[in-house]
1. Count charges around LEU123 for me, please; just the other residues with Cβ under 10 Å from its Cβ, Lys/Arg as +1, Asp/Glu as -1.
2. Could you sort out which of LYS222/LYS322; LYS113/LYS148; LYS113/LYS158 sit more than 23 Å apart by Cα distance in this structure?
3. Dividing the alpha-carbon Rg of the chain by 2.2 N^0.38 Å yields what?
4. Only helical DSSP H runs with n ≥ 4 go in: add -39500 (n - 2.57) per run for the chain, normalise by residue count and round the 222 nm mean residue ellipticity to 500 deg cm²/dmol.
5. Using only the alpha-carbon atoms of the range 190-271 as identical scatterers, what base-10 log of I(q)/I(0) does the Debye formula give at q = 0.11, 0.17, 0.27 Å⁻¹?
6. In bins 10 Å wide, starting from 0, what share of all Cα pairs of the range 240-386 does each bin hold, as a percent?
7. Once fully extended, how much extra length lies between SER176 and ASP336, figured as 0.36 nm per residue of separation less the alpha-carbon to alpha-carbon distance?
8. If packing is taken as the average number of other Cβ atoms within 10 Å across a peptide's residues, how do 372-378, 57-63 rank, most packed first?
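Every read-out reported here was derived from the displayed coordinates using simple, explicitly stated rules and does not represent laboratory data. This one's a predicted model, so the numbers in the text were calculated from it and none came from an experiment. Glycine also receives a Cβ, built like all others from the backbone with ideal geometry; neighbour counts cover every protein chain displayed.
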Amino acid sequence: MFKKITFSFILISTCFLACNSSKKETVVSESDTKKNIPQTKPSLKNNFNNDFLIGAALNTSQIKETDTNAVTLIAKEFNSITPENDMKWEQIHPKENEYFFDVADAYVVFGKKHNMHIVGHTLLWHSQLAPWVNEIKDKKKLEHHIEKHINTVVGRYKGKIHSWDVVNEALNEDGSPRESLFYNVFGNESYLELAFRLAEKVDPEAQLIYNDYNLWKPEKRKGVIRIVENLKSKGIKIDAVGMQAHWSVEGPSIEDIENSIIAYSELGVKVMFTELDVTALPNPWELNGAAVEQSYERYEGDLKMDPYRNGLTDEAKEKITKRYEDIFKLFLKHRDKISRVTFWGVTDGQSWLNNWPIKGRTNYPLLFDRAFQPKEVYHNVLALKQ
Ligand code: XIL
């Protein structure tokens, strides 16, 4: 039995806004011009056009378009984007009366220019929260600031950001409520109700998502069901469950993922895989999902923990390829329930998994290599539809 290195996972989507972004790009080669046969340019977004949106998380240099190689790839391959860090509370609202919208504004312009489905990530999360919010002990005061934050941020992008990760990671691994600042100050899970209510009020058209890692876990699944049922029973809008999908070559099992897809879908919400990546690197500990605050400095520079720094072995490459094939076969099987599949990054070189949970390793978790080229696994994933 492998140790379950529970990384996070996710997913989702309802393409109600995606329709525009799903137009096929056509290119006509010289010989085709002669034969007058237009060809569809192969790309992830074209390939899965009738199945689900295909997204990528963008870092700051991609959003600002200084990383031109990545921008070319993003425009060609993806029809949905998520900001990897630039809309988190500590970035966008670092001080009580100070908002920093420059990068977020550029992000929205980028998505509009490329006719993409634009995701907002994330409104309430205990991690990467501005330090001044962490100091708040009084419930009324926290309610006031949550309201101001959501009104301001969702309001600014009303009609422009199509879906919001409203609350991120509110659950412990056993499905009980995480004792975050929000939970502790409110004394219960009602802060979720407030956040979803506010988001809907500000932008009734936006798709609202609960997002978390390890949502394949049966125990954690119960927590999601509790949250969604509670919101729905109070008439509060929730459209989708986002399964982060930070997975490994070893696990979780396809069966566990499938059971969660079905269970969430039966609640009457869409399922999205919001942060997909597949790590091949060793992790000797039972990690607590994708809790970003965990890092293991003592393993930095330990070559045993970084076995593929000079390249993948054929065996490791095959494992990753097979894993991605299994994952996408499952996604296709449940394409009626899944509205979006977003990769957490664009190329291997830019993935957060080179630095988490151990800094400075060489990982291969995505479909494009360090030279911005599609990997063999990319072609295998495309071929599942042919
Ligand atoms: C990660 C980013 O990729 C890193 O650059 C950052 O240092 C930490 O956060 N769950 C989430 C994402 O919802 O926002 C996290 O992103 C990964 C885990």
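1. Net of charged neighbours comes to 0.
2. Violating the 23 Å Cα-Cα cut-off are LYS222/LYS322; LYS113/LYS148.
3. 0.96
4. -10500 deg cm²/dmol, from helical runs alone.
5. Rounded to two decimals, the profile gives -0.30, -0.66, -1.35.
6. Values per bin, smallest distances first: 11, 40, 34, 13, 1.
7. Extra length from SER176 to ASP336 when fully extended: 54.7 nm.
8. Ranked from most to least packed, the peptides come out as 57-63, 372-378.
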